[in-house]
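A.B. asks: Pasting in a structure now, in structure tokens, and then I'll have a few things to ask.
The values are calculated or read from the model by the stated rules, or taken from the named source; none is laboratory data. As the structure is a computational prediction, the values presented were derived from the model and not from experiment. In this analysis, Cβ positions are derived from the backbone assuming ideal geometry, glycine residues included, and neighbour counts consider all displayed protein chains.
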Amino acid sequence: KTFPVRHSLLERWRQQPMRKVRALSDVNLDVRKGETLGIVGESGCGKSTLARCLVRLYEADSGSVSYQGQDVLALRGAHLRDYNRRVQMIFQDPFSSLNPRMTVRQVLREVLSVHRMRPKDQLDARVRELLELVGLPAEAAQRYPHEFSGGQRQRIGIARALALEPECLIADELVSALDVSVQAQVVNLLLELQERLKLTVLFVAHDLRLVRHLSHRVAVMYLGRVVEVATTDALFEQPLHPYTQALLAAAPDLDPQQRVTTPALQGELPSPLHVPSGCPFRTRCPHAFDRCATERPDLTPTSSEQTVACHLYTHPPEHPVRGASAEP
Ligand code: SF4
Ligand code: MG
């Protein structure tokens, strides 16, 4: 079963509150039940905006989001609260939003009782269960946020999200602030929980290595658009979009055997206020040809596993272009 999520959104750009930019458009994505969908792209590409729109932290002013057939953007009151319980977002540092004077036990009990997840006499048992689920000792319940390391805090953030028994977790740069060794532990925990609790996970990150490790499928974003969606194997073995190829070529920590021999990203990321006409990637694309300046490429399936928004695959140029080595 799939849950279609469709967008074409206008949103105020946060750094420039007086100017409107189209922060997301042509974002056309399905998230399948029980899968981990990785969302990657350079910072500023709209990944976080997308994640926030999905949980209604930002209000999209056009487009649509649907979850199990429900129109998410139309949800109000109790229906919205129920959706927000079922689709939980976890942030880079969940403790920035927590009261430093509350112990972990108080935090988790509060979440459980506000949402009436358990009767009062079962709250402490559930707190213990949740801590165990995220690999923390029972004694952690008595401690305060500042007493934990970054990795432990993330575990508590995950426990807090799980307290609401969500079906879907949206993790935005969940481990970016952590040391590499700790990152692996938290990511493995997420992997384990996803399988055990049959969660649907949206893993938003700029680290391709982590995304590859966790995700069943990956969506690549550039300047607020989804430019390629593929199964993880297809994406890493045969990236189709020139931007995806450049991202992989630029990733220092991917297996060199798997690296694609493509020039790394050239030029600067254009400002979201001045998105190029036609293909948004054309100012940096080594394969750009005349059509790219005038026509926006649509996401088009090239196989059952891969979808790409690039004219090379739908309207290949008659004459090979400068720098175009990879024939589609
Ligand atoms: Fe490059 Fe043109 Fe494809 Fe855009 S549409 S990625 S500019 S070849
Ligand atoms: Mg972000």
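A.B. asks: Given the condition touching a Pro at 6+ places or on another chain (Cβ under 9 Å), charged (D, E, K, R) and modelled with pLDDT under 95, answer yes or no: does some residue in the range 135-157 qualify? Please lay out each step first, then the result.
C.D. replies: Initially, the range 135-157 is screened for residues touching a Pro at 6+ places or on another chain (Cβ under 9 Å), giving 144-146, 153-154, 156-157.
Of the ones still in play, those that are also charged (D, E, K, R) are 153.
Cutting the leftovers down to modelled with pLDDT under 95 gives us 153.
Scanning the range 135-157, I find at least one residue that is touching a Pro at 6+ places or on another chain (Cβ under 9 Å), charged (D, E, K, R) and modelled with pLDDT under 95, so the answer is yes.
Per-residue answers, yes or no, for (1) at pLDDT 85 or above; (2) within 19 Å of Leu299 (Cβ to Cβ); (3) away from ligand 1 (no atom under 16 Å from the Cβ):
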{"position": "Gln16", "(1), (2), (3)": "no, no, yes"}
{"position": "Asp26", "(1), (2), (3)": "no, yes, no"}
{"position": "Ile39", "(1), (2), (3)": "yes, yes, yes"}
{"position": "Arg56", "(1), (2), (3)": "yes, no, yes"}
{"position": "Ser64", "(1), (2), (3)": "no, yes, yes"}
{"position": "Gly69", "(1), (2), (3)": "yes, no, yes"}
{"position": "Leu73", "(1), (2), (3)": "yes, no, yes"}
{"position": "Gly77", "(1), (2), (3)": "yes, no, yes"}
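A.B. asks: Can you report the number of residues in the range 45-54 which are outside any helix (DSSP H, G or I) and near ligand 2 (Cβ under 8 Å from one of its atoms)?
C.D. replies: The total comes to 0.
A.B. asks: Scan Glu139, Glu167, Glu110, Glu129 and give me the residue that is among the charged types (D, E, K, R) and touching a residue at least 60 places away in the same chain (Cβ under 8 Å). First the steps, then the outcome.
C.D. replies: On the way: Glu139 fails: touching a residue at least 60 places away in the same chain (Cβ under 8 Å); Glu110 fails: touching a residue at least 60 places away in the same chain (Cβ under 8 Å); Glu129 fails: touching a residue at least 60 places away in the same chain (Cβ under 8 Å).
Of Glu139, Glu167, Glu110, Glu129, the one residue that is among the charged types (D, E, K, R) and touching a residue at least 60 places away in the same chain (Cβ under 8 Å) is Glu167.
A.B. asks: So which residues in the range 279-323 are in contact with a helix residue (DSSP H, G or I) (Cβ under 7 Å, 6 or more places away or on another chain), surrounded by 17 or more Cβ atoms within 10 Å (Cβ to Cβ) and not basic (Lys, Arg)?
C.D. replies: Cys279, Phe281, Cys285, Pro286, His287, Cys292, Pro297, Thr302, Gln306, Cys310, His311
A.B. asks: Please work out which residue is farthest from ligand 2 (Cβ to nearest atom), limiting yourself to the range 204-222 and to residues that are modelled with pLDDT of 95 or more and in a loop (DSSP other than H, G, I, E, B).
C.D. replies: His216
A.B. asks: Collect the residues in the range 277-308 that are small (Gly, Ala, Ser), over 21 Å from Ala219 (Cα atoms) and outside any helix (DSSP H, G or I), keeping them in residue-number order. Steps first, answer last, please.
C.D. replies: We begin by selecting, within the range 277-308, every residue small (Gly, Ala, Ser); these are 277-278, 288, 293, 303-304.
Adding the requirement that they be over 21 Å from Ala219 (Cα atoms) leaves 277, 288, 293.
Residues satisfying the conditions are Ser277, Ala288.
A.B. asks: Here's a follow-up. Would you check if there is a residue in the range 177-194 being modelled with pLDDT of 90 or more, assigned to a helix (DSSP H, G or I), touching a strand residue (DSSP E or B) at 6+ places or on another chain (Cβ under 6 Å) and under 17 Å from Leu131 (Cα atoms)?
C.D. replies: Yes - at least one qualifying residue is present in the range 177-194.
A.B. asks: Additional query: Look through Asp253, Asp233 and report the one residue that is at pLDDT 95 or above, of a type in the set (Asp, Glu) and under 18 Å from Gly41 (Cα atoms).
C.D. replies: On the way: Asp253 fails: at pLDDT 95 or above.
Of Asp253, Asp233, the one residue that is at pLDDT 95 or above, of a type in the set (Asp, Glu) and under 18 Å from Gly41 (Cα atoms) is Asp233.
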